[in-house]
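Structure first, commentary second.
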């Protein structure tokens with residue numbers, strides 16, 4: 001009879017150990033998933049930020065006297081500016097447009113370079129909870145006049161899929177001071 005009690009006791013101990021190991025494995029997988037999602041979201045937002053930063057840094061480059069001002073149109077969700085992105089001697093027209101996707105309730109960011117006759121925008125970022133452009137004069141004051149723009153602040157906020165605690169959004173908030181303005 002004591003053999004059966006010993007066997008039952010060892011069976012209970014083994015099952016407890018297996019339960020603990022499975023619990024640790026599930027917790028580790030959840031942590032790995034969350035970390036991976038956070039890393040992927042940060043990489044996506046960094047790529048979008050790099051594209052915007054590179055384009056804006058060339059705003060006004062070789063745009064005079066072809067265009068009176070480096071910026072042609074500005075708003076919190078749209079900007080159009082001129083600059084020689086490909087170093088070809090002639091300025092390209094660069095547009096950024098933020099649109100709300102009605103199906104998801106999230107914002108998408110589109111970029112268009114020098115395609116005047118078409119409305120073909122390339123999607124460079126999707127699933128953002130907010131995207132804003134702010135424009136500043138040379139004295140640091142906010143402006144809504146495209147002819148006064150001396151710097152641009154961009155703020156991108158994107159939720160991290162699956163994150164329920166801790167950092168649930170990735171944020172890129174930066175200001176660009178184009179050398180040619």
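Among the residues making up segment 146-165, those that are part of a loop (DSSP other than H, G, I, E, B) and in contact (Cβ under 8 Å) with a residue 40 or more places away in the chain are 149, 160, 161, 162, 163. Filtered by the rule that a residue be over 11 Å from residue 146 (Cβ atoms) and part of a loop (DSSP other than H, G, I, E, B), segment 68-103 gives 76, 77, 84, 85, 86, 87, 88, 89, 90, 91, 102, 103.
Per this entry, residue 122 is counted among residues that are under 30 Å from residue 103 (Cα atoms), in contact with a strand residue (DSSP E or B) (Cβ under 6 Å, 6 or more places away or on another chain) and surrounded by fewer than 12 Cβ atoms within 10 Å (Cβ to Cβ).
Against the definition (in contact with a helix residue (DSSP H, G or I) (Cβ under 8 Å, 6 or more places away or on another chain), buried (at least 20 other Cβ atoms within 10 Å of the Cβ) and modelled with pLDDT of 95 or more), how does residue 94 come out, yes or no? No; evaluated as a whole, the condition is false for this residue. The set of residues from segment 125-145 being touching a residue at least 12 places away in the same chain (Cβ under 8 Å) and part of a strand (DSSP E or B) comprises 125, 126, 127, 128, 130, 131, 132, 133, 134, 135, 136. Of the numbered criteria (1) surrounded by 12 or more Cβ atoms within 10 Å (Cβ to Cβ); (2) at pLDDT below 90; (3) under 23 Å from the mean Cα position of the chain (by Cα), the one residue 48 fails is (2). Test residue 41 against the stated conditions and say whether it is at pLDDT 95 or above, crowded, with 19+ Cβ neighbours inside 10 Å, touching a strand residue (DSSP E or B) at 6+ places or on another chain (Cβ under 7 Å) and not in a strand (DSSP E or B). Judged against the criteria, residue 41 is not a match.
The values are calculated or read from the model by the stated rules, or taken from the named source; none is laboratory data. These numbers were taken from a predicted model, which means no experiment stands behind them. Every residue, glycine as well, gets a Cβ built from its backbone with ideal geometry; the counts of neighbours run over all protein chains shown.
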